[in-house]
Amino acid sequence: MSKQFPQAVRAMLCGFMFMFAAAAVHAASTASARLPNVTILATGGTIAGTGASSTTTIGYTAATVGVQSLIGAVPEIAKVANVTGEQVFQIASENIGDAQWLQLAKRVNVLLAQPNVDGIVITHGTDTLEETAYFLNLVVKSRKPVVVVGSMRPSTALSADGPINLYNAVRLAGTPEAAGRGVLVAMNDQVHAARDVTKANTTTADTFRTSELGVIGYIQGGKPFFYREVSRKHTVDTEFDIARLDALPQVDVAYAYANVGDTAVNALVAAGARGLVHAGVGNGSLPAGTKPALVKARKDGVVIVRASRVGQGIVARNGEANDDELDFVVADTLSPQKARILLMLALTKTSSTREIQRMFYTY
């Protein structure tokens with residue numbers, strides 16, 4: 001009896017230990033199942049960049065760190081989401097082109113159609129981040145959150161902003177309250193709408209701003225707080241479908257300045273532009289040296305959009321030009337670079353300036 005008793009105790013203890021271990025595994029599995037499933041699509045940029053030293057914040061090399069390394073550098077992410085990563089491409093964002101936009105958008109739509117994907121984060125270089133975000137805002141076909149994020153300092157820098165930006169972006173993408181707000185940009189603890197945000201400083205960490213219309217929310221302590229709605233149509237409510245598109249129409253931007261002539265306009269038309277965005281001075285004014293070339297381009301079938309280089313405010317229709325008579329379109333509040341994106345997509349649907357003007361007042 002005395003010899004059997006220790007064996008019985010040991011067996012009982014082993015049984016308890018097994019039950020405790022099984023319970024712990026089950027609890028961990030249950031907790032993981034409750035977390036949102038977020039896919040990180042990496043495209044390169046400064047957030048994936050490296051510098052020669054920890055104080056190198058300019059002159060670094062962008063797009064050198066892979067997506068798994070980005071995720072591994074922020075282990076805290078595993079506590080707030082079940083994260084998977086894909087390297088869509090690995091380039092500096094000044095080299096982003098139409099082909100990359102179409103590739104990225106199609107992949108986003110495929111992933112968001114899967115029931116086990118709750119949101120997507122896209123890591124991106126900051127130079128053209130606002131353009132990619134707005135393109136996706138017009139062509140993503142889901143109400144699930146899509147968050148574009150970058151950094152102003154490479155991953156090797158002191159006080160690199162990439163890790164906290166990525167953590168915040170994942171939290172935002174996994175938040176149900178972020179759904180249905182269009183594509184979002186998460187930078188510097190702020191939440192911006194893709195349509196309105198712009199890069200406003202060459203190097204500082206607070207470069208992304210929505211100066212007049214304001215941010216739509218903040219991220220504090222890893223939790224998003226929203227304060228305004230997005231009023232323009234986006235994502236599932238747009239008329240644009242890229243599923244069968246392999247290329248986009250050529251649309252270029254002609255920039256206005258004092259004493260500007262017609263060289264740029266003529267060259268862009270000769271190079272095959274189907275649409276031109278004129279980044280005019282003030283309220284989209286047409287300089288005397290440029291206007292005849294724009295008028296001729298329109299008569300030759302090129303769609304002309306009057307935008308402004310100012311950066312804020314509405315370009316008034318029939319304000320600084322008789323748009324009805326000239327058959328021009330106005331960009332509303334879109335920047336020249338975003339007006340170009342909308343015009344490209346518009347031209348995949350129609351060449352009617354009346355219809356295209358409606359789109360500029362809609363999106």
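Bear in mind that the values in this text are calculations on the coordinates, not laboratory data. Bear in mind the structure is a predicted one, so any value in this text is a computation, not a measurement. When we count neighbours, we look across all protein chains shown, and the Cβ atoms used for this are built from the backbone with ideal geometry, even at glycine.
Principal axes first, then extents: for the Cα atoms of the chain, list largest minus smallest coordinate on each axis, whole Å, largest first.
109, 44, 36
Under the Karplus relation 6.51 cos²θ - 1.76 cosθ + 1.60, θ = phi - 60°, what is the ordered set of whole-Hz ³J(HN,Hα) values for region 40-56, x standing for Gly and Pro?
Whole-Hz 3J(HN,Hα) from phi for region 40-56: 9, 9, 9, 10, x, x, 5, 4, 10, x, 9, x, 5, 8, 6, 9, 7.
For Phe360, Phe208, what's the fewest-to-most ordering of other Cβ within 10 Å of each Cβ? Provide the component values of the computation, followed by the final result.
Values: Phe360 21, Phe208 24.
In order of increasing Cβ crowding within 10 Å: Phe360, Phe208.
Could you pull out the longest piece of the chain with no exposed loop trypsin sites (Lys or Arg not before Pro) in it, calling a site exposed if DSSP puts it outside H, G, I, E, B and it has at most 10 other Cβ atoms within 10 Å?
Details: sites that count: Lys3, Arg244.
So the longest stretch without any such site is 4-243.
Please give the calculated 222 nm ellipticity per residue for the chain, where each DSSP H segment of at least 4 residues contributes -39500 (n - 2.57) and the sum is spread over every residue; nearest 500 deg cm²/dmol? Mind dumping the intermediate values first?
Working: 10 runs with 118 residues, N = 363.
Calculated at 222 nm, the ellipticity per residue is -10000 deg cm²/dmol.
If you take the alpha carbon radius of gyration of region 36-237 and divide it by 2.2 N^0.38 Å, what ratio comes out, to two decimals?
Values: Rg = 15.1 Å, N = 202, 2.2 N^0.38 = 16.5 Å.
Output field value: 0.91.
Mind computing the radius of gyration and Dmax over the alpha-carbon atoms of region 301-361? Å is fine for both.
10.7, 29
Which length gain, in nm to one decimal place, applies between Ala113 and Asp300 when the Cα-Cα distance is subtracted from 0.36 nm times their residue separation? Provide the component values of the computation, followed by the final result.
Numbers: separation 187, 0.36 × 187 = 67.32 nm, distance 4.18 nm.
That pair, Ala113 and Asp300, stretches by 63.1 nm at full extension.
By counting other Cβ atoms within 10 Å of each Cβ, how are Tyr361, Tyr134 ranked from fewest to most? Spell out each step's value before the answer.
Values: Tyr361 11, Tyr134 29.
Fewest-to-most ranking of Tyr361, Tyr134: Tyr361, Tyr134.
Give the shape of region 181-268 as rounded, prolate or oblate, defined through the alpha-carbon gyration tensor: a ≥ b ≥ c are the square roots of its eigenvalues, a/c under 1.5 means rounded, and otherwise the shape is prolate if a/b is larger than b/c and oblate if not. Please list the in-between numbers first.
Details: a/c = 2.67, a/b = 1.44, b/c = 1.85.
Because a/c hits 1.5 or more and a/b fails to exceed b/c, region 181-268 counts as oblate.
Using Cα springs under 10 Å in a Gaussian network model of the chain, which residue among Val295, Val265, Val121 shows the largest mean-square fluctuation?
Its mean-square fluctuation being the largest, the pick is Val295.
Using the basic label-point model (7 angstrom from Cα toward the beta carbon), what is the Thr61 to Asn322 distance in nanometres?
5.9 nm
Determine how many Å³ per residue the convex hull of the Cα atoms of region 162-316 encloses. Mind showing how you got there, number by number?
On the way: hull volume 25.6 nm³, N = 155.
Hull volume over Cα atoms, normalised by residue count, gives 165 Å³.
Would you mind classifying region 251-362 by shape? Square roots of the alpha carbon gyration tensor eigenvalues, ordered a ≥ b ≥ c; an a/c under 1.5 is rounded, otherwise it is prolate if a/b is larger than b/c and oblate if not. Let's see the in-between values first.
Working: a/c = 1.42, a/b = 1.09, b/c = 1.30.
Here region 251-362 falls in the rounded category.
About its Cα centre, what dipole magnitude does the chain give when the only charges are +1 on Lys and Arg Cβ and -1 on Asp and Glu Cβ, stated in debye to the nearest 20? Show your work: numbers first, answer last.
Details: 33 positive and 29 negative charges, 193 e Å.
Magnitude of the dipole: close to 920 debye.
Starting from the coordinates of the alpha-carbon atoms of region 48-135, obtain the Kirkwood hydrodynamic radius over all distinct pairs and give the value in Å to one decimal.
Values: mean 1/r = 0.0681 Å⁻¹.
Final number for the Kirkwood radius of region 48-135 is 14.7 Å.
Hey, can you grab everything whose amide H is under 5 Å from the amide H of Gly44? Only 5+ residues off in sequence or another chain; H modelled, so Pro and N-termini drop out.
Ile91
Assuming 0.36 nm per residue, please report the length gained on full extension of the stretch Thr348 to Ala200 beyond their Cα-Cα distance.
Numbers: separation 148, 0.36 × 148 = 53.28 nm, distance 3.04 nm.
Additional length available on full extension: 50.2 nm.
If exposed means no more than 16 neighbouring beta carbons inside 10 Å and the site is in a DSSP loop, what's the longest run of the chain without any exposed GluC sites (Glu not before Pro)? Write out the running numbers ahead of the final one.
Details: sites that count: Glu212, Glu229, Glu239.
Formally, the longest exposed-site-free interval is 1-211.
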